[in-house]
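J.: Can you keep this structure in mind? I'll have questions shortly.
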Amino acid sequence: MRIGDRVTVKNQVMIFDGVDIADDVFLGPGVTFTNDLRPRAFIKREGEALLGTWVHRGATLGARSTVVCGVTIGEYAFAGAGSVITRDVAAHAFVVGSPARQVGWVCICGARLADDLVCRVCDRRFRGAAGTIEVAGDHASESA
């Protein structure tokens, strides 16, 4: 388990071995990470037997989100409260539900992006193709 710098960990968050949390991540109240896809009381798995989970820089996991082991959550992704994350989440993706599904994109500032991929809060502009987006123009260096 590794927790980066400036990570917000609210009450009742459960983080187990094999979880790697980058800098500037927000973990809302009651977020739970798992680390064993096949748990049995009589089998104790450790180290390499546990599946790793990676939460990249700036991601937000809303209250009571559950993250099934073995997934990667991309930079600045946002999971709504109660999401059950069972597969990888793209950078800047906004996911909700059980299982979590992508319903949009979010800016670095946390605001949901309009269909034209322009943030109405901070005016950052994004460009995208094939299910991914990246910062475009003058703000591109801020996401690195």
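The values are calculated or read from the model by the stated rules, or taken from the named source; none is laboratory data. The shown structure was predicted, so the numbers you read here are calculated from the model rather than taken from an experiment. Note that we place each Cβ from the backbone using ideal geometry, even for glycine, and neighbour counts take in every protein chain shown. Remember, those area values only see protein heavy atoms, side chains included, never the ligands or the DNA or RNA. Shrake-Rupley method; radii C 1.70, N 1.55, O 1.52, S 1.80 Å.
J.: Restricting attention to segment 16-75, report how many residues are part of a loop (DSSP other than H, G, I, E, B) and on the phi > 0 side of the Ramachandran plot. Working first, answer last.
T.: The initial filter retains those residues of segment 16-75 that are part of a loop (DSSP other than H, G, I, E, B), namely 16-18, 22-25, 28-31, 34-39, 41-42, 44-46, 50-52, 56-59, 62-65, 68-71, 74-75.
Narrowing further to those that are on the phi > 0 side of the Ramachandran plot: 18, 24, 30, 58, 64, 70.
Count: 6.
J.: Looking only at segment 97-129, which residues are assigned to a strand (DSSP E or B) and open to solvent by 40 Å² or more (accessible area, probe 1.4 Å)?
T.: Arg101, Gln102, Val103, Trp105, Arg112, Arg125, Arg127, Gly128, Ala129
J.: For Ala79, all conditions in the list (1) closer than 19 Å to Ile133 by Cα; (2) loosely packed, with under 15 Cβ neighbours inside 10 Å hold save one; what is the number of the exception?
T.: (2)
J.: When you go through Ala129, Ala100, Ala111 one by one, which is the residue that is out of contact with any strand residue (DSSP E or B) (no Cβ under 9 Å at 6 or more places or on another chain) and at pLDDT 95 or above?
T.: Ala111
J.: Can you name the condition, by its number, that Asp36 falls short on among (1) open to solvent by 30 Å² or more (accessible area, probe 1.4 Å); (2) in contact with a Gly (Cβ under 6 Å, 6 or more places away or on another chain); (3) not basic (Lys, Arg)?
T.: (2)
J.: Can you name every residue in segment 76-96 that is aromatic (Phe, Trp, Tyr), farther than 14 Å from Ala63 by Cβ and not in a loop (DSSP other than H, G, I, E, B)?
T.: Phe94
J.: Quick check on Gly58: is it at pLDDT 95 or above, more than 24 Å from Asn11 (Cβ to Cβ) and surrounded by 14 or more Cβ atoms within 10 Å (Cβ to Cβ)?
T.: Here the answer is no, as Gly58 does not meet what is asked.
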